[in-house]
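Visitor: Here you go, one structure.
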Amino acid sequence: MARKSLAKWIDEALTDPDKEGPISAIALVHMVGQQRQELHTVKIGKTGTYDGASLEKLLRGKAEVYAQDMDTVQSFALLAFYGKNTEEGIMPFKVLPEINPTTAGLSTEAPTEQGRMQQKMRWDDALQMQVYRRQQTMDDHSIRMLEQQDKMLARSQAMLDKVMADNMEAFTIVKELLNERAMGQHNHAMEQEKYKRESKEREQLLKFAPALINTLLGKEIFPQSVADTALIETIAENVEAEHIAKLAEIGLPPALMGPLSARVMKAIEDKEKRDAAEKKQLPAYSGSPEKDIEGGA
């Protein structure tokens with residue numbers, strides 16, 4: 001069970017709801033066997049401010065002054081009165097006198113069995129007080145050490161939390177930068193594909209231009225051979241080799257089928273050679289797939 005201090009007991013006595021009336025006085029008495037010697041009484045009025053800490057300091061101080069030159073542990077008690085002559089609350093406590101162990105045996109006792117008993121009791125009290133003081137000093141030291149460890153652990157935890165928060169913030173920034181970079185590279189690749197597609201479309205339109213202009217104007221502005229070549233190359237861009245074999249099924253005369261097939265096949269071969277040459281000009285990538293996704297090196 002937790003030890004209750006005098007201040008706590010006094011605070012409870014000042015506002016005890018189980019008593020019939022308000023508290024009227026708190027008395028300090030010295031206990032000598034079953035006898036009580038009144039040392040001081042604090043009368044509690046209806047006006048004024050009273051608290052346990054102040055009253056404990058006052059009453060314990062008077063008890064310590066009273067017992068300062070006594071050789072043994074002294075017993076005291078606080079009595080609470082509630083408008084009656086008989087106390088309705090009691091709180092005993094002890095006071096250890098300040099005895100110097102080096103001079104604890106200099107008192108004069110009678111050379112009798114009673115004197116021997118008194119001397120032994122005085123020595124036992126001095127020894128017990130030494131043990132209590134040593135234990136109290138060790139306890140105070142241990143408590144201070146534990147408090148320092150708690151403070152150090154709290155500071156370490158705060159530093160660790162800050163480092164983790166900083167790392168998380170840095171990770172978020174790097175992640176956002178990588179996402180922006182990947183999106184930028186994707187957009188750049190899409191722009192390149194769009195440019196290639198539009199360039200190819202313009203190239204095809206330019207190839208059709210000679211034949212289209214000759215047709216619209218009704219006369220040969222561009223040489224017919226140039227217009228025919230543009231038409232054949234356009235056909236080769238949009239058909240496969242196996243499609244040429246199907247031209248025979250249409251029923252074209254052999255005299256027309258041979259030259260047309262030859263020109264289309266040659267245009268297809270020229271296209272394949274151009275594509276192969278363009279691929280060779282592209283730099284080869286030798287990095288890892290992860291680097292390739294991030295933009296390569």
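Derivation of every value follows stated rules applied to the coordinates shown; laboratory data play no part. This is a predicted model, so every value here is computed, not measured. In this analysis, Cβ positions are derived from the backbone assuming ideal geometry, glycine residues included, and neighbour counts consider all displayed protein chains.
Visitor: Starting from the 7 Å offset along Cα-to-Cβ, what nm value, one decimal, do you get for the label separation of Glu278 and Lys266?
Guide: Going by the 7 Å Cα→Cβ label model, 2.2 nm.
Visitor: Over the range 1-98, what is the mean sequence separation of C-alpha contacts under 8 Å (at least six apart), divided by residue count, expressed as relative contact order in percent? Kindly include the intermediate steps, with their values, before the conclusion.
Guide: Details: 157 pairs, mean separation 30.6, N = 98.
Relative contact order here is 31 percent.
Visitor: Okay, next question. Near the amide H of Leu39, under 5 Å away, which other amide H atoms are found, from residues 5 or more places off or on another chain, if H is placed in the peptide plane?
Guide: For Leu39, whose amide H was placed from the backbone, the distant partners under 5 Å are Leu28, Val29, His30.
Visitor: Using unit Cβ charges (K, R positive; D, E negative) and no other charged atoms, how large, in debye to the nearest 20, is the dipole of the range 29-72 about its Cα centre?
Guide: Details: 6 positive and 6 negative charges, 61 e Å.
In total the dipole reaches around 300 debye.
Visitor: Something else: How big is Rg to Rh over the range 1-98, alpha-carbon atoms, Rh as the Kirkwood inverse-mean-distance radius? Walk me through the intermediate numbers first.
Guide: Values: Rg = 13.6 Å, Rh = 14.0 Å.
Radius of gyration over Kirkwood radius for the range 1-98 works out to 0.97.
Visitor: Now for a separate question. Using the number of other C-beta atoms within 10 angstrom as an exposure proxy, rank Ser75, Ser142 with the fewest first. Kindly include the intermediate steps, with their values, before the conclusion.
Guide: Working: Ser75 16, Ser142 10.
The order, fewest Cβ neighbours first, is Ser142, Ser75.
Visitor: Amide H to amide H under 5 Å from Ile44: which residues, 5+ apart in sequence or cross-chain, H placed 1.01 Å off N in plane?
Guide: Here the answer is Ala25, Ile26, since their amide H atoms fall under 5 Å of that of Ile44.
Visitor: Counting other beta carbons within 10 Å of each Cβ, put Trp123, Trp9 in order, fewest first. Each step should come with its number before you reach the end.
Guide: Numbers: Trp123 14, Trp9 20.
Starting with the residue having the fewest Cβ neighbours, the order is Trp123, Trp9.
Visitor: Using 29 Å as the Cα-Cα cut-off, could you pick out the over-long pairs in Lys57/Lys120; Lys8/Lys120; Lys19/Lys94; Lys94/Lys151; Lys175/Lys196? Working shown, then result.
Guide: Values: Lys57/Lys120 33 Å; Lys8/Lys120 36 Å; Lys19/Lys94 27 Å; Lys94/Lys151 35 Å; Lys175/Lys196 32 Å.
Result: Lys57/Lys120; Lys8/Lys120; Lys94/Lys151; Lys175/Lys196 exceed 29 Å.
Visitor: List the GluC sites (Glu not before Pro) in the range 6-93 that DSSP assigns to loop (not H, G, I, E or B) and whose Cβ has at most 16 other Cβ atoms within 10 Å. Which are they?
Guide: On the way: sites: Glu12, Glu20, Glu38, Glu56, Glu64, Glu87, Glu88; in loops: Glu20, Glu87, Glu88.
In loop regions of the range 6-93 (DSSP not H, G, I, E or B), the sparsely surrounded GluC sites (Glu not before Pro) are Glu20.
Visitor: For a quick check: sort Ile90, Ile268, Ile26, Ile143 by the number of other beta carbons within 10 angstrom, fewest at the front. Please report the intermediate quantities before stating the final value.
Guide: Working: Ile90 13, Ile268 20, Ile26 25, Ile143 10.
Placing the least packed residue first, the sequence is Ile143, Ile90, Ile268, Ile26.
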